[in-house]
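I have placed the structure first, in the form of structure tokens, so that the comments after it can refer back to it.
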Amino acid sequence: MRLRHLGSSLVVEAPAKLNLFLEVLGRREDGYHNLDTVMIAVDVFDTLRFSNTDHPAIRLDVSFDPRTQASQLAHVPVDDRNICVKAARLLQRDFGVKQGAFIELRKRIPTQAGMGGGSSDAAATLVALNQLWNLQLTSAELHTLAAQLGSDVNFFIDSPTLAVCKGRGEQVEKLTDCPELNFVVALPTDGLSTAAVFGALVHDRRVERVETFINRLASAHAPSIGEAMFNRLEMPATELDPQVAELLNLMRSSSRLPPRMTGSGSACFALCGGRGEARQLAARLRSRHNGPVWVCKSCITMGAV
Ligand code: C5P
């Protein structure tokens, strides 16, 4: 994420993620699943502006980029159910904070898409309010709070471009030397619930090895990386929502490298050989697909907060 001061406010650009690899290792006693996943931060951003207030209320105002589908309005609550409000309240409760905050959230990352929009917004809230409220929490302390908010929040806390995430997703091992990778992302009309997709998964005894994928990444060669991308949740997601299967078929017929779904869906993406190839693929998809289509790339210049 990128932070900048604007008067007495803090403005954060919170990136989306794509899962280049996702294997489900098994169901746990607590109902979650253990994963091996490789996540990459990409340059599609929500923007959050945080202002300090003297009274303890947490006020949230959400606006949408005009390119965001109107149907997504329904999925972003502005009350205590919003993950940003939950993150702020967690900080207030655990650290006896008497101040409050006004959060202005501009959404660009689609919801229920597997792109980590809510998780990135929650991580931005923890990091920004830690500064604004002068709490001086360490990265380790922020990670403990992040894990209480959701499985993908930890990935965004230290702003790695690329990481392997294990456990239920909250154990983040940063990977260095991320190559610049260009993607086209496309969205079906409907989003998918993470819990529903995990619930529909039929376990396979075969396990795809994340180490093999990480070796491919080290080659920095887009075709070898693209061919090795994998997502175990694709099968249950396409069974729950045939639109995901249709979109993947459409992308397969137009792109050089096999497309994949990200996270628990419903967004799908293809890795391209360069920016030019990505723009051409996006143009082909826009003429044949009704939903939004983005060109994006890995956030290689993002750095630490
Ligand atoms: O942690 P998060 O709120 O993102 O998870 C939403 C739901 O997705 C969980 O309640 C659980 O049903 C499912 N999930 C899972 N295993 C994971 C992550 C999520 O089963 N590793």
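Observations on the model:
- Flag if V185 is outside any helix (DSSP H, G or I), modelled with pLDDT of 95 or more, of a type in the set (V, I, T) and more than 15 Å from the ligand (Cβ to nearest atom): yes
- Scanning the range 248-284 for residues that are hydrophobic (A, V, I, L, M, F, W, C) and either touching a Gly at 6+ places or on another chain (Cβ under 7 Å) or closer than 30 Å to G150 by Cβ (or both) turns up L248, M251, L257, M261, A267, C268, F269, A270, L271, C272, A278, A282.
- Just one of the listed residues (L201, L233) is closer than 24 Å to L162 by Cα and within 16 Å of the ligand (Cβ to nearest atom), namely L233.
- Scan the range 56-76 for residues that are surrounded by fewer than 16 Cβ atoms within 10 Å (Cβ to Cβ) and modelled with pLDDT of 95 or more and the total you get is 4.
- Evaluating M115 against the criteria (1) assigned to a helix (DSSP H, G or I); (2) within 15 Å of the ligand (Cβ to nearest atom) leaves one unmet condition, (1).
- Any hit, the range 88-100, residues being under 18 Å from G150 (Cα atoms), among the basic types (K, R), more than 14 Å from the ligand (Cβ to nearest atom) and surrounded by 14 or more Cβ atoms within 10 Å (Cβ to Cβ): yes
- Qualifying residue in the range 24-37 (condition: surrounded by fewer than 17 Cβ atoms within 10 Å (Cβ to Cβ), touching a residue at least 24 places away in the same chain (Cβ under 8 Å) and away from the ligand (no atom under 15 Å from the Cβ)): no
- Residue check for D79: more than 30 Å from V184 (Cβ to Cβ), acidic (D, E) and at pLDDT below 95: yes
- Cross-chain or 6+ apart pairs with Cβ under 8 Å, the range 240-251 first and part of a helix (DSSP H, G or I), then of a type outside the set (D, E, K, R) and surrounded by fewer than 17 Cβ atoms within 10 Å (Cβ to Cβ): L240/A196; L240/A200; Q243/T189
The values are calculated or read from the model by the stated rules, or taken from the named source; none is laboratory data. Predicted model only: the values in this text are computed from it and were never measured. Here Cβ is always computed from backbone atoms with ideal geometry, including for glycine, and neighbour counts include all displayed protein chains.
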